[in-house]
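The values are calculated or read from the model by the stated rules, or taken from the named source; none is laboratory data. Predicted, not measured: the structure shown is a model, and the values here were computed from it. No Cβ is skipped: glycine too gets one built from the backbone with ideal geometry, and neighbour counts run over all protein chains shown.
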Amino acid sequence: MLILLSPAKTLDYDTPFAEAPTKPRFKTEASRIARAAAKLGPAKLRDLMHISDGLATLNHQRFKTFARADERPAIRAFAGDVYRGFDAASADPDTLAFAQDHLRILSGLYGALRPLDAIRPYRLEMGTRWAPAADSLVDHWRARVAKALAADLRGHGSKLVINLASNEYYAVLKGQLPKAVRVVAPDFRVCTAKGLMFHSFAAKVARGAMARWLCDERVDDPAALSGFDRDGWRFDSDGSTPDKPLFTRS
């Protein structure tokens, strides 16, 4: 089984960590993309990523100094809502070891990361319509990431993917995995006076919490997903399908 997550825009390079970092599979390719991005300049990065002038300047500087930047494990560097839900700081070594084998973080710069893979500060969304030798990062990474994750699944003797990544990031794999692979994509909805609603913040935290629960419990059977009950989430059998289980919370 593989669990998929999106990365985060918010980064933490200050909090101490004890885990030994590992080498990303596409480290050389990430460095090549960073060098190409550094040549774009702040204005082009601003327009490509639809960010402010300040963020564009920051990320241009990150790409210019990429080769000299500090590194830390991806699961410790990403600090957005998903990773608040995962809460790596409280994970025991066995949980992190399971995550290292079964969790993959899709990345516009690094392609696909294991939790302990060492990364440098960056911001480059998978949906960016640019790449050094392609029309977009999705086009650049599609075959590379699909091949790598298919190999991981074969190594596990599994044909199951739990997709907790956003649509933007899962686009790199859509239609690319072997036909025999089953993709289960949990859906999280908040109960309101107007009915079930999608709430971006709640869904992001829930995705991280479910990824952590899968690693804590060593889950490898999609039927067991109905047992997820952290942070007030409950399985809704009436609104679920086999490949899109629904979880609700008041």
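Scanning segment 49-76 for residues that are surrounded by fewer than 18 Cβ atoms within 10 Å (Cβ to Cβ) and assigned to a helix (DSSP H, G or I) returns Asp53, Gly54, Leu55, Thr57, Leu58, Gln61, Lys64, Ala67, Arg68.
Figure legend. Inter-residue proximity from segment 179-201: first residues at pLDDT 95 or above, second residues among the aromatic types (Phe, Trp, Tyr) and not in a strand (DSSP E or B), beta-carbon distance below 9 Å, spacing 6+ or different chains. Indicated pairs: Val183/Tyr170; Ala185/Tyr170; Pro186/Phe228; Asp187/Phe198; Phe188/Phe198; Phe188/Trp233; Arg189/Phe198; Val190/Phe198.
Among residues of segment 8-29 that are over 30 Å from Ala131 (Cβ atoms), those with a Cβ under 6 angstrom from a residue that is assigned to a loop (DSSP other than H, G, I, E, B), sequence gap 6+ or separate chain, pair up as Glu19/Leu116. Taken over segment 164-176, the criterion of being in a loop (DSSP other than H, G, I, E, B) and either closer than 23 Å to Ile75 by Cβ or among the β-branched types (Val, Ile, Thr) (or both) is satisfied by Leu164, Ala165, Ser166, Ala171, Val172, Leu173.
For Phe17, the conditions (1) crowded, with 16+ Cβ neighbours inside 10 Å; (2) not in a helix (DSSP H, G or I) are fulfilled apart from (1). Determine, yes or no, whether Ala143 is on the phi < 0 side of the Ramachandran plot and assigned to a helix (DSSP H, G or I). So Ala143 passes the test. One residue stands out in segment 77-135 among those that are more than 22 Å from His50 (Cβ to Cβ) and without any contact (Cβ under 8 Å) to a residue 24 or more places away in the chain: the one that is surrounded by the most Cβ atoms within 10 Å (Cβ to Cβ), namely Ala97. Of Ala8, Ala99, all but one fail to be in a loop (DSSP other than H, G, I, E, B) and closer than 24 Å to Arg207 by Cα; the exception is Ala8. Hey, could you check segment 220-229 for residues that are free of Cβ contacts under 8 Å to residues at least 24 places away in the same chain and among the charged types (D, E, K, R) and say which is surrounded by the most Cβ atoms within 10 Å (Cβ to Cβ)? So, considering only residues that are free of Cβ contacts under 8 Å to residues at least 24 places away in the same chain and among the charged types (D, E, K, R), the one surrounded by the most Cβ atoms within 10 Å (Cβ to Cβ) is Asp229. Of the numbered conditions (1) of a type outside the set (Val, Ile, Thr); (2) buried (at least 17 other Cβ atoms within 10 Å of the Cβ); (3) modelled with pLDDT of 95 or more, Glu217 fails exactly one; give the number of that condition. Among (1) of a type outside the set (Val, Ile, Thr); (2) buried (at least 17 other Cβ atoms within 10 Å of the Cβ); (3) modelled with pLDDT of 95 or more, the lone unmet condition for Glu217 is (2).
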